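Note sheet for the following structure.
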Amino acid sequence: MKLLVTGGAGFIGSHVCGRLLREGSEVTVIDDFNDFYDPTIKRANIAALGSGVVLQEGDIRDRDFVRRVLADGRFDAVIHLAARAGVRPSLKDPQLYIDTNITGTHNLLEAAREQGVGRFVFASSSSVYGLSKIVPFNENLALPQTLSPYAATKIAGEHICGNYAHLYKMRVVCLRFFTVYGPGQRPDLAIHKFTDAIHHGRSIPQFGDGSTRRDYTYIDDIVQGVMGALRYEGPHFDIFNLGENQTTTLSELISAIESALGKKAIIERLPEQQGDMPLTAADITKARELLGYNPQTKIREGIPKFVDWYLNK
């Protein structure tokens with residue numbers, strides 16, 4: 001298969017590209033190497049993938065650039081992982097999130113339609129569930145309110161994907177990722193940030209009393225779900241949760257990192273952060289049945305794996 005992976009130099013994207021290359025696919029990556037975190041990390045990710053990847057450096061907000069890449073590539077599918085990520089940064093610059101995550105997604109869908117690309121996989125987020133009271137979250141829940149601009153752009157992206165599936169019979173699969181971690185995780189994310197701070201004896205911020213819960217998903221399991229979405233032959237439009245189906249409190253997470261490092265955390269207690277969800281919990285029944293999704297790495301195994309990578313990178 002000839003595949004376009006947007007955001008392929010990032011954490012999730014580089015792992016997806018590695019799997020695709022091992023399975024013999026031809027892979028082209030779009031990435032703009034923005035400075036949301038150190039671009040040298042992303043360039044190292046691309047370099048590690050080797051010469052098998054074709055890199056198209058540019059911004060998905062640039063419609064002409066996107067159209068040119070799609071026209072030249074003649075791709076069988078697009079895996080759209082590129083986005084401005086993070087709840088808290090989206091509160092500071094919502095326009096950037098709207099431009100990238102909504103307009104950029106539309107640019108890709110329209111270019112894919114023009115070129116007759118038959119399959120489009122969209123990376124959505126557990127943040128779309130907002131303050132849902134029904135736990136675990138399943139894909140059929142009504143979603144009347146999100147809690148951050150980031151979450152709003154992800155639900156908007158899902159709706160635009162649904163338009164294209166309905167109007168143009170493009171097969172579109174939206175994957176709601178639940179807090180992805182593992183080797184290569186972005187340095188701004190909690191597990192990486194906490195590990196680095198504890199290792200170096202710095203304090204870590206704990207927002208709230210430590211009781212917030214997350215469904216942490218190991219990167220290998222996310223990649224497995226993406227591969228299942230590429231093979232999916234169900235309705236032209238569908239949505240799946242990709243999580244571990246297990247929740248962990250913030251206090252439990254910190255304790256697990258302490259145990260793996262053999263060091264105690266210095267905790268700076270702070271008020272709850274505006275825009276954060278108090279709980280994420282994935283019902284993965286649908287993904288198990290229809291994508292063959294079968295997550296293997298629980299948090300008790302995944303944290304030591306991550307810490308081992310961190311200490312030896």
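For this structure, a couple of remarks:
- Beyond 22 Å in Cα-Cα separation lie the following of the pairs LYS42/LYS263; LYS92/LYS298; LYS264/LYS305: LYS42/LYS263; LYS92/LYS298.
- Folded to 0 to 90 degrees: helix 104-114 orientation relative to the chain principal axis, Cα: 30
- Going from the fewest other Cβ atoms within 10 Å to the most, the residues ASP215, ASP221, ASP76 appear in the order ASP76, ASP221, ASP215.
- Mean separation of Cα pairs under 8 Å and 6 or more residues apart, divided by the residue count, gives segment 183-252 a relative contact order of 40 percent.
- Other residues whose C-beta falls under 12 angstrom from the C-beta of ALA165 contribute a net charge of +2, scoring Lys and Arg +1 and Asp and Glu -1.
- Gain upon complete extension [THR285, SER211; 0.36 nm per residue less C-alpha separation]: 24.1 nm
- Percentage relative contact order, the chain, counting C-alpha pairs under 8 Å, at least six apart: 18
- Label separation (ASN294 vs ASP64): 5.0 nm, computed from points 7 Å beyond Cα along the C-beta direction.
- Contact order normalised by residue count of segment 106-171, Cα under 8 Å, 6+ apart, percent: 43
- Proportion of all alpha-carbon pairs of segment 154-313 beyond 29 Å (%): 27
- Listed residues GLY292, GLY208, GLY118, most fluctuating in the chain (Gaussian network, C-alpha, under 10 Å): GLY208
- Each of LEU108, VAL121, ALA282 was placed along the dipole of the chain (beta-carbon charges, centred on the mean Cα), and the one lying farthest toward the positive end is ALA282.
- Taking the C-alpha atoms only, the angle from helix 219-231 to the longest principal axis of the chain is near 20 degrees.
- Each residue, ASP196 and SER259, gets one label point 7 Å from its Cα in the Cβ direction; the gap between the two is 2.5 nm.
- For the chain, the 222 nm mean residue ellipticity estimated from helices alone, with every DSSP H stretch of n ≥ 4 adding -39500 (n - 2.57) and the total spread over all residues, rounds to -12500 deg cm²/dmol.
- A Förster radius of 45 Å combined with the Cβ-Cβ distance from ILE134 to SER51 puts the calculated FRET efficiency at roughly 0.40.
- Comparing ILE284, ILE266, ILE303 in a Gaussian network model of the chain, where Cα atoms under 10 Å apart are tied by springs, the biggest mean-square fluctuation is seen for ILE266.
- Computed about the Cα centre, the dipole magnitude for segment 112-243 is approximately 140 debye when only Lys and Arg (+1) and Asp and Glu (-1) carry charge, each at its Cβ.
- Whole-Å semi-axes of the chain's equivalent ellipsoid (Cα gyration tensor): 30, 22, 19
- Solution diffusion estimate, µm²/s, Stokes-Einstein, segment 176-268, Kirkwood Rh from C-alpha pairs, 20 °C, viscosity 1.002 mPa s: 145
- Sites ILE41 and ARG269, calculated FRET efficiency, Cβ-Cβ separation with R0 30 Å, nearest 0.05: 0.50
- Positive minus negative residues near VAL135 (Lys, Arg vs Asp, Glu; Cβ under 15 Å): 0
- Calculated translational diffusion coefficient of segment 70-119 (25 °C, 0.890 mPa s; Stokes-Einstein with Kirkwood radius over alpha-carbon pairs) equals 204 µm²/s.
Values quoted throughout were computed directly from the atomic coordinates according to the rules given, and no laboratory measurement underlies them. Note that the structure is a prediction, hence the values are computed from the model and not measured. Cβ sites come from the backbone with ideal geometry, for glycine too, and all protein chains shown count toward neighbours.
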